[in-house]
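The structure appears below as structure tokens.
The values are calculated or read from the model by the stated rules, or taken from the named source; none is laboratory data. Since the structure is predicted, the reported quantities are computational estimates derived from the model, not experimental observations. Glycine gets a Cβ as well: all are built from the backbone with ideal geometry, and neighbour counts include every protein chain shown. These accessible areas exclude ligands, DNA and RNA; they are computed on the full protein's heavy atoms, side chains included. Shrake-Rupley method; radii C 1.70, N 1.55, O 1.52, S 1.80 Å.
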Amino acid sequence: MVFGEYTKKLNASAFFSTSTPQNYNQNLTRNDTVTIWFASRCPEYLHLSKTNIMSQINKDDIKQEVFDLYDDYAHNRLDRRAFVQKLSLYAVGGLTVPALMSFLMPDYKGNVQIKSEDPRLKSEYINYPSPKGGGTIKGLLSKPIDAKKKLGGIIVVHENRGLNPYIEDVGRRAALAGFISLAPDALTPLGGYPGNDDAGREMQSKRDKGEMEEDFIAAYNYLKSHKDCTGKVGVVGFCYGGGIANMMAVRVPDLAAAVPFYGSQPAAADVPKINAPLMMHNASLDTRIMAGAPAYEAALKENGKKYQAFVYENVNHGFHNDTTPRYDKAAAELAWKRTIDFFAENLK
């Protein structure tokens, strides 16, 4: 379905309801505003526009400040209005704000590595109890279809926007590597991942932080006792999920392994509680997370903890996410290989 077919079915005035961003900047036309709003909510249109835009924009030509702005927006340090206003400063030389927006936003339609119907996997949604958290949580449970024995388990923790297609894909990748994986959706109590990341971020910000932590600990308990799991369970998380991986290392005494990708670090006072071996993946351009990395490493060393820390040069926060231009293929593939090898060693 193309953009024109969508617009025929929608009342144009709906684009400018009270919930729709308007007049971000005097440099933006009404058509710009419609395009930005529409692309953020219609994956098919975003995929079509992004495919065209990616052929016109060279990632290396985009200033680092643009990626930093997107990071601020994606982590709720800038609202959408401020993000677009600041982004407009970089819309020069025929490059429009809608083009930059489409370039930066994730494209889930065109970047799934392992399809949901992959015949090599059994992948299904399940519900598990989280009595101290959201009550009942939905998650994607995946394992190799031909598994003849019990498998090590991996909890796959999403970013700050719920269980989107990228994280589901990562869950399937983990299963295809020979594990049983569970990718929970912390947005379940609010109806689940809504289909776009903007709404997902807004929803996740409304959930209680402590209850969400309990949801992922409950996922660990569920997978640990699953009939197809050996009882050895690790966790891998990205962004918000990286922080959850660190949290679980602190709070789950028998966690078998933890792999935080660019995740916030625990307090130094909590490091003595960590028993699980850690593998940390960080990006050199991610000044926010890198600011806390030296102190975390120092505390791990001081307390004799087993860990590995990798910093990938000249890449951004989110470099593993292959649905956005922050993706770096070489760094992502190396980090994922290291992760799978680490789990193979610690979950056997």
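Quick notes on this one:
- Flag if Met248 is among the hydrophobic types (A, V, I, L, M, F, W, C), in a helix (DSSP H, G or I) and buried (at least 22 other Cβ atoms within 10 Å of the Cβ): yes
- Remark: pairs (first residue in segment 71-88, in contact (Cβ under 8 Å) with a residue 24 or more places away in the chain; second residue open to solvent by less than 70 Å² (accessible area, probe 1.4 Å) and small (Gly, Ala, Ser); Cβ separation under 9 Å; 6+ apart in sequence or on different chains) = Asp71/Gly318; Ala74/Gly318; Arg80/Ser40.
- Filter pass, Arg77 being in a loop (DSSP other than H, G, I, E, B) and either closer than 21 Å to Ala245 by Cβ or touching a Cys at 6+ places or on another chain (Cβ under 7 Å) (or both): no
- Once segment 147-171 is narrowed to residues that are open to solvent by 10 Å² or more (accessible area, probe 1.4 Å) and assigned to a helix (DSSP H, G or I), the residue that is farthest from Gly110 (Cα to Cα) is Glu168.
- Residue count for segment 54-89 under the criterion of being more than 23 Å from Ile289 (Cα to Cα), at pLDDT below 90 and open to solvent by less than 60 Å² (accessible area, probe 1.4 Å): the result is 1.
- Any chance Asn316 is open to solvent by 10 Å² or more (accessible area, probe 1.4 Å), within 18 Å of the chain's Cα centre (by Cα), under 17 Å from Pro260 (Cβ atoms) and not hydrophobic (A, V, I, L, M, F, W, C): yes
- Per the listing Pro98, Pro106, Pro131, Pro119, the residue uniquely open to solvent by 40 Å² or more (accessible area, probe 1.4 Å) and in contact (Cβ under 8 Å) with a residue 40 or more places away in the chain is Pro131.
- Scan of segment 134-145 for residues that are open to solvent by 10 Å² or more (accessible area, probe 1.4 Å) and either among the polar types (S, T, N, Q) or in a loop (DSSP other than H, G, I, E, B) (or both), ordered by number: Gly134, Thr136, Ile145
- Positions within segment 279-312 being touching a helix residue (DSSP H, G or I) at 6+ places or on another chain (Cβ under 7 Å) and part of a helix (DSSP H, G or I), in sequence order: Ala295, Ala299, Leu300
- All told, Ala276 meets the bar of being assigned to a loop (DSSP other than H, G, I, E, B), of a type outside the set (Phe, Trp, Tyr) and in contact with a helix residue (DSSP H, G or I) (Cβ under 6 Å, 6 or more places away or on another chain).
- Taken over segment 175-226, the residue count meeting the criterion of being out of contact with any helix residue (DSSP H, G or I) (no Cβ under 8 Å at 6 or more places or on another chain), farther than 29 Å from Leu78 by Cβ and part of a helix (DSSP H, G or I) is 9.
- Residues of segment 295-319 that turn out to be closer than 26 Å to Leu69 by Cβ and of a type in the set (S, T, N, Q), as a count: 2
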